[in-house]
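Report on the structure given below.
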Amino acid sequence: MTVVALRPQPFTLFCDFDGPIVDVSDRYYSTYKLGLKNIFADYQAQNETLQLQVLSKGQFWQMKKERVCDREIAMRSGLQGMQIDIFLQKVREIVNQPTLLHKDKMQSGVNWALALLHFQGVRLIIVSLREEGQVKQILQNYGLLRLFSAIYGTNNEMTAYDNYADMKVQLLQKAFKTQTVGEAFMVGDTEADILAAQALNIPGIALTCGIRSRTYLQQFQPSSIYPDLLCTAHHLLDLARSKVA
């Protein structure tokens, strides 16, 4: 007797870029340290000394994951008053410099996850606040661009850093209007992704491998929370198979 494996029903997976696919923690931390270094040098040139307390990467990233604002991070690093404003401006100026963008790296297991989903007929669509050209170039560099049916990004390099939820909603709405979707899910690592999914009444899956913690994400009541995209892929494909069993 031949046993035929049940193939899951195809569905559409809308996926954020920074967080689920790309780890930006090294770039953001390097930006933080470089911003402090620059403002320290500016004050030193004026014969003034700043007493800085540079956070470790673990301290810095945990604060980002709990969505501690950049102003508070600057204060905990020893800055005050106008120093904070100068620091925040420097961070915005350098965060997307080519010398820092190369610090972004693929999350663990992403290649396997995307290949598995694509092989099983899942339509993969990027919906990201990252500048669209950057998304396409990074995916092309890793040989992954061919796996995606469409890419929806922005034309502003700072939008991803600001993480505006209303803009993520607009992008997801645009994708819905221009694509044949069927059953769909949205996966991301921030509140913007969950709120966008809820606005379009589709399941919003939160990942803890990015810039928000499980505790923080739970406040927004995602449909589920997984550690990374590979784990998500297995769960979604198991769910799809159960519907044809």
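Can you send over the solvent-accessible area of D26, 1.4 Å probe, protein chains only, in Å² to the nearest 10?
It works out to around 50 Å².
If you bin the C-alpha pair distances of the chain every 10 Å from 0, what whole percents do you get?
Pair shares across the bins are 7, 30, 32, 18, 9, 3, 1, 0, 0.
Per 0.36 nm of contour for each residue apart, how much would the distance between T49 and C231 grow if the chain were fully extended, relative to their Cα-Cα spacing?
Using 0.36 nm per residue and subtracting the Cα-Cα distance, I get 60.7 nm.
Tell me whether the stretch 165-245 comes out rounded, prolate or oblate; compute the Cα gyration tensor, take square roots of the eigenvalues as a ≥ b ≥ c, and use a/c under 1.5 as the rounded threshold.
oblate
Let me know the Rg and Dmax you get for the stretch 69-132 when you use only its Cα atoms, in Å.
Using the Cα atoms of the stretch 69-132, the pair Rg, Dmax is 18.4, 55 Å.
Given charges of +1 on the Cβ of Lys and Arg and -1 on the Cβ of Asp and Glu, with all other atoms neutral, how large is the dipole of the stretch 153-245 about its Cα centre, in debye to the nearest 20?
280
Among V91, L116, G81, which residue has its Cα furthest toward the positive end of the charge dipole of the stretch 80-166, with +1 on Lys/Arg Cβ and -1 on Asp/Glu Cβ?
Result: L116.
In the stretch 51-112, what chymotrypsin sites (Phe, Trp or Tyr not before Pro) fall in a loop by DSSP, with at most 10 other Cβ atoms inside 10 Å?
Loop-located and lightly packed - none at all.
Measure out, as a whole number of angstrom, how far apart the alpha-carbon centroids of the stretch 89-135 and the stretch 172-245 sit.
17
Pairs to check: K65/K168; K33/K168; K65/K103. Give those whose C-alpha atoms are more than 27 Å from each other in this structure.
The answer is K33/K168.
Roughly what angle does helix 25-45 make with the longest principal axis of the chain, taking Cα atoms, 0 to 90 degrees, to the nearest 10?
10
Using only Cα atoms, find the angle between the long axis of helix 165-178 and the longest principal axis of the chain, and express it within 0 to 90 degrees, rounded to the nearest 10.
Between the helix axis and the principal axis of the chain, the angle is about 30 degrees.
Is the stretch 102-245 rounded, prolate or oblate when judged by the Cα gyration tensor, a ≥ b ≥ c being the square roots of its eigenvalues, rounded requiring a/c under 1.5 and prolate requiring a/b larger than b/c?
It comes out rounded by the Cα gyration axes.
Going by accessible area, probe 1.4 Å, with all protein chains left in place, what is the ranking of C15, C69, largest first?
The most accessible residue leads, giving C69, C15.
What accessible area per residue comes out for the chain, rounded to a whole number of Å², with a 1.4 Å probe?
Roughly 49 Å² per residue, with all protein chains present.
Where a ≥ b ≥ c are the square roots of the eigenvalues of the C-alpha gyration tensor, would you call the stretch 113-191 rounded, which needs a/c under 1.5, or, failing that, prolate if a/b is larger than b/c, or oblate?
oblate
Within 10 Å, at most 16 other Cβ atoms, and a DSSP state outside H, G, I, E, B define an exposed site. Report the longest part of the chain free of exposed trypsin sites (Lys or Arg not before Pro).
Here the longest run is 104-242.
List the pairs from K57/K243; K105/K243; K37/K105 whose alpha-carbon separation is above 32 Å, in the order I gave them.
Violating the 32 Å limit, Cα to Cα: K57/K243; K105/K243.
Of the beta bridges DSSP finds with both residues in the chain, what % are antiparallel, to the nearest 5?
DSSP beta bridges in the chain are roughly 10 percent antiparallel.
Given labels modelled 7 Å from the Cα in the Cβ direction, how far is it in nm from M75 to S56?
2.4
Anyone know which of L171, L207, L229 comes out most mobile in the 10 Å Cα GNM of the chain?
L171
The values are calculated or read from the model by the stated rules, or taken from the named source; none is laboratory data. This is a predicted model, so every value here is computed, not measured. Using ideal geometry, Cβ is built from the backbone for each residue, glycine included, and neighbour counts are taken over all protein chains shown. We work out accessible area using only protein heavy atoms, side chains counted, and drop any ligands, DNA or RNA first. Shrake-Rupley method; radii C 1.70, N 1.55, O 1.52, S 1.80 Å.
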